[in-house]
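*Asks:* This structure is in structure tokens; I'll ask about it shortly.
The values are calculated or read from the model by the stated rules, or taken from the named source; none is laboratory data. In this text the structure is predicted, and so the values were computed from the model without any measurement. Here Cβ is always computed from backbone atoms with ideal geometry, including for glycine, and neighbour counts include all displayed protein chains. Please note that ligands, DNA and RNA were not included when accessible areas were found on the heavy atoms of the full protein model with its side chains. Shrake-Rupley method; radii C 1.70, N 1.55, O 1.52, S 1.80 Å.
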Amino acid sequence: MSKTIGIDLGTTNSCVAVVEGGVATIIPNDKGERTTPSVVAFTESGERLVGSAARRQAAVNADRTISSVKRHMGTDWRKTIGGKSYTPQEISAMILRKLREDAENYLGEKVTDAVITVPAYFNDIQRQATKDAGRIAGLNVKRIINEPTSAALAYGLNNGAAQKIMVYDLGGGTFDVSIIEIGDSVIEVLATAGDNHLGGDDFDERVCRWMVEEFKRQSHVDLSRDPTAMVRVREAAEQAKKELSGTENAQISLPFIAQAGGTPVHLDMTLTRTKFNELTRDLVDRTEGPVRSALSDAGIAASELGRVLLVGGSTRIPAVQDKVRALTGKGPSRSINPDECVAQGAAIQGDTLNENTSLSQSTGILLLDVTPLSLSIETVGGVATRLVERNSTLPVHYSQVFTTAAPFQSSVEIHVLQGERPMAKDNKTIGKFKLKGIKKAMAGVPKIEVTFDIDTNGILKVSARDQDTGMAQSITITANEKMSEEEIQQAIRDAETYASQDGLRREVMETVNEAQHLLTQAESALSQAGKQLDKEEKKRVKADCSALSKLLMKSKPEKMGEGDLAAVRGAMDNLRQSAAHLLSMTGTQG
């Protein structure tokens, strides 16, 4: 049976792991890095870059570089580049495809199955969007698993003693906190809470704003008007934040950042940890509410916690660690790597879903997760009538009988929401389900049983049945942010086309470089040979050099197709044959 990989699809960085020999192992990318930046870029020539290569060129290609796309999952956000509009699912799929390719290169076999993690506080649409991104990337997504739960799984595998732990997960774009009980081969989530718009990006933004304001005060130049300069500022802000986790001061230097009156100006300033803490204090304080909420929902006091696990790169910030100590009275555990444990937990879950694996046989771990948000239906007066409470153990099966509000209705609309607010308008719409073909009767007579099933991925499915007739009714889900099946299939085709184009583009660049090298060698050999070479032979070599040179000049590499590539290769073969004697005579290798 082929391996199932675990993927932590992060806001800032992503990570992939697999279980080998009973151990969850991080898979390095083609650069040898254990995490891959979640950045996608498109060059002017049409080349697509993912990871470090995309991140490195961001400053000179800001408008065609996309980062932190995870924050847009499950929304109608789109980015148009080169005349093509991309959804968050498509951009995420490019990152996932890169991780899949790295896994295939590492394992030496085709990979199709994966477990992908999401923030615990992701709603139904965001989870479905993540699953769709996996499909577009050519993956069979066997399970969507919550990030804190995944981290607990990585921890619990080696720390199986019965205990209650808190997972405090502050990543690049999201914050989650989960209270988890580890028992005898059972990992059960008791409660979860969080904030989908709180993370390292927000800390970086505070430093950016401070840098821009300080620079404007010093030089009277507003960097916020220059997109290219702002990319450099954001990179410097992130680096300063990281440095301040280990030192009290960070020196920020950006030479030639702008011009003032035709003269280059440089940014040079010092950010202290004290100032950083002042700039970001409210962000750290925002984590307190979800922590208290999760503890309350779990029905335990902080003193009952055995461990507090810190997950996500932003938990390296000293002020964050101090906040955790103040809230729980415990020093955070350092037994797991905050950047890698989520992917490792996903890999463990993937392995346990496979049959006949040594890990699943030896551990037999049962994972019980919860739904992060309450599920409600809008009723008369715009009230959100709660059907499924938050922190209900998955999977959830719930049925409710509805009826009509007006006489002789032939259809009813059921407005489904996720959230904790009492009024429908204050919660997140995840779908509007229309039940058609109801037998006309007085208001309150029809009995329509609507069943809600939330699966182990936390994704909602709905079915309906008319109790009077026993006939099942069809329901149409109309959530604007979801991709239609047609859109998903088109995205899959586009992804395959892109992969093919990427392969062709690599071949073209390699062939063009090889051809130019051959031309240089042949022309150099002609110059060295002088009159020693037979005139006819010299004439043939010159003609073949000219033919190859014209082909290379005829079209740019980014516009060359299969036919152009074949023509260049044919011309190279001709030149190799005609110049073979010349190259050997001058001691040049062809």
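*Asks:* Taking the structure as given and computing log10 I(q)/I(0) by the Debye sum over Cα atoms at q = 0.06, 0.07, 0.13 Å⁻¹, which label from (1) -0.34, -0.46, -1.33; (2) -0.26, -0.35, -1.35; (3) -0.42, -0.55, -1.34 fits?
*Replies:* Working out log10 I(q)/I(0) by the Debye sum over Cα atoms at q = 0.06, 0.07, 0.13 Å⁻¹ from the coordinates points to (3).
*Asks:* Further question on the same structure: Where only protein heavy atoms count, and the probe is 1.4 Å, what is the accessible area per residue for the stretch 28-161 in Å²?
*Replies:* Values: 4530 Å² over 134 residues.
Dividing the accessible area of the stretch 28-161 by its residue count gives 34 Å².
*Asks:* At a probe size of 1.4 Å, how large is the accessible area of residue 42, to the nearest 10 Å²?
*Replies:* Ignoring ligands and nucleic acids, residue 42 comes out at about 10 Å².
*Asks:* Next up: For residue 186 and residue 242, what does the FRET efficiency come to when R0 = 30 Å and r is the distance between their Cβ atoms, rounded to the nearest 0.05?
*Replies:* Values: r = 37 Å, r/R0 = 1.25.
Taking R0 as 30 Å, the efficiency between residue 186 and residue 242 is 0.20.
*Asks:* Can you compute the FRET efficiency between residue 274 and residue 497 using 1/(1 + (r/R0)^6), with r the Cβ-Cβ distance and R0 = 60 Å? Round to the nearest 0.05. Write out the running numbers ahead of the final one.
*Replies:* Values: r = 53 Å, r/R0 = 0.88.
Efficiency, from the Cβ-Cβ distance: 0.70.
*Asks:* Starting from the Cα-Cα distance between residue 504 and residue 104, subtract it from 0.36 nm times their residue separation and give me the gain in nm to one decimal.
*Replies:* Details: separation 400, 0.36 × 400 = 144.00 nm, distance 1.93 nm.
Stretched fully, the residue 504-residue 104 segment lengthens by 142.1 nm.
*Asks:* Let me ask another. Compute the acute angle (0 to 90°) between the alpha-carbon long axis of helix 273-285 and the principal axis of greatest extent of the alpha-carbon atoms of the chain; round to the nearest 10°.
*Replies:* Its long axis makes an angle of about 40 degrees.
*Asks:* Taking the Cα centre of the chain as origin and charging only Cβ (+1 Lys, Arg; -1 Asp, Glu), how large is the dipole, in debye to the nearest 20?
*Replies:* Numbers: 71 positive and 77 negative charges, 218 e Å.
Result for the chain is approximately 1040 debye, rounded to the nearest 20.
*Asks:* Cβ under 12 Å from residue 533's Cβ, residue 533 left aside: what net charge do those residues give with Lys, Arg +1 and Asp, Glu -1? Walk me through the intermediate numbers first.
*Replies:* Numbers: positive: 531, 535, 538, 539, 540, 542; negative: 534, 536, 537.
Counting the neighbours of residue 533, the net charge comes to +3.
*Asks:* Keeping the other protein chains in place, figure out the carbon and sulfur percent of the accessible area of the chain, with a 1.4 Å probe. Write out the running numbers ahead of the final one.
*Replies:* Working: 12570 of 26420 Å².
For the chain, the apolar C and S fraction of the accessible surface comes to 48 percent.
*Asks:* Once phi is turned into θ = phi - 60°, what whole-Hz ³J(HN,Hα) does the Karplus curve with 6.51, -1.76 and 1.60 give for every residue of the stretch 32-44, x standing for Gly and Pro?
*Replies:* Computed from phi, the couplings for the stretch 32-44 are x, 7, 7, 10, 10, x, 7, 10, 10, 9, 10, 7, 4 Hz.
*Asks:* Which FRET efficiency value, to the nearest 0.05, is calculated for residue 43 and residue 456 with the Förster distance at 56 angstrom and r the Cβ-Cβ distance? All intermediate terms of the calculation are to be shown ahead of the outcome.
*Replies:* Numbers: r = 41 Å, r/R0 = 0.72.
Once the sixth-power term is evaluated, E becomes 0.85.
*Asks:* Place +1 on the Cβ of every Lys and Arg and -1 on the Cβ of every Asp and Glu in the stretch 313-440, take the dipole about the Cα centre, and give the residue among 324, 392, 374 whose Cα lies farthest towards its positive end.
*Replies:* 374
*Asks:* If you don't mind, there's one more thing I want to ask. What aspartates and glutamates could a cross-link reach from residue 440, if we take a straight Cα to Cα line under 20 Å and drop same-chain neighbours fewer than 8 places away?
*Replies:* Counting by Cα, and skipping residues close in sequence, residue 440 has these aspartates and glutamates nearby: 413, 449, 466, 468.
*Asks:* Oh, and also: Need the full-extension length gain, residue 302 to residue 467, defined as separation in residues times 0.36 nm minus the C-alpha distance. One decimal, nm.
*Replies:* Details: separation 165, 0.36 × 165 = 59.40 nm, distance 4.76 nm.
Length difference between fully extended and current span is 54.6 nm.
*Asks:* Length gain on complete extension for the stretch residue 162 to residue 85, per 0.36 nm per residue less the alpha carbon to alpha carbon distance?
*Replies:* Details: separation 77, 0.36 × 77 = 27.72 nm, distance 5.01 nm.
Answer, rounded to one decimal: 22.7 nm.
*Asks:* Enter the accessible area of residue 286 (Å², nearest 10), with the probe set to 1.4 Å and all protein chains included.
*Replies:* About 100 Å², rounded to the nearest 10.
*Asks:* Another question, then. With a 1.4 Å probe and all protein chains kept in place, how much accessible area does residue 404 have, in Å² rounded to the nearest 10?
*Replies:* 10
*Asks:* With a sphere of radius 13 Å drawn around the Cβ of residue 327, what net charge do the other residues whose Cβ falls strictly inside it have (Lys, Arg +1; Asp, Glu -1)? Could you put the intermediate results ahead of the total?
*Replies:* Values: positive: 286, 292, 323, 325, 330; negative: 285, 288, 322.
For residues surrounding residue 327, the net value is +2.
*Asks:* Along the Cα→Cβ direction, 7 angstrom out, place labels at residue 581 and residue 392. What is the inter-label distance in nm?
*Replies:* That separation, rounded to one decimal, is 8.7 nm.
*Asks:* How far is it, in nm, from the label point at residue 537 to the one at residue 220 when both lie 7 Å from their Cα along the line to the Cβ?
*Replies:* 7.3
*Asks:* Cα axis of helix 124-136 to longest principal axis of the chain: angle in degrees, 0 to 90, nearest 10?
*Replies:* Relative to the chain, helix 124-136 is tipped by roughly 30 degrees.
*Asks:* Taking the chain as the reference, fit the longest principal axis to its C-alpha atoms, fit the long axis of helix 318-328 to the helix C-alpha atoms, and give the angle between the two in degrees, 0 to 90, nearest 10.
*Replies:* Taking the Cα atoms of the chain, the angle to 318-328 is about 20 degrees.
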